[in-house]
């Protein structure tokens, strides 16, 4: 049962991680500029900082679920 939850979490987080990475702006402008956001003095938009946090959290969930699945199925 726990491995099914980890597998669903792994697939969902991988899809969200792909979407969040594609939303990041590159050197010029990216898809995230389509959704606006005010520019601050730190050089990034508020949306870009939120997107950074979401990407990090999603990658941690993906890494933890991948580690659990490989540890659990390797036994």
Inside segment 59-75, the number of residues satisfying the requirement of being at pLDDT 95 or above and more than 12 Å from residue 6 (Cα to Cα) is 2
Counting only residues in segment 1-33 that are at pLDDT 90 or above and over 12 Å from residue 58 (Cβ atoms), the one surrounded by the fewest Cβ atoms within 10 Å (Cβ to Cβ) is identified as 4
Considering segment 34-58, residues that are assigned to a helix (DSSP H, G or I) and at pLDDT below 70, and then whichever is farthest from residue 1 (Cα to Cα), we arrive at 34
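The values are calculated or read from the model by the stated rules, or taken from the named source; none is laboratory data. None of these values were measured; they are calculated from a predicted model. Every residue, glycine among them, receives a Cβ derived from its backbone with ideal geometry; neighbour counts consider all protein chains shown.
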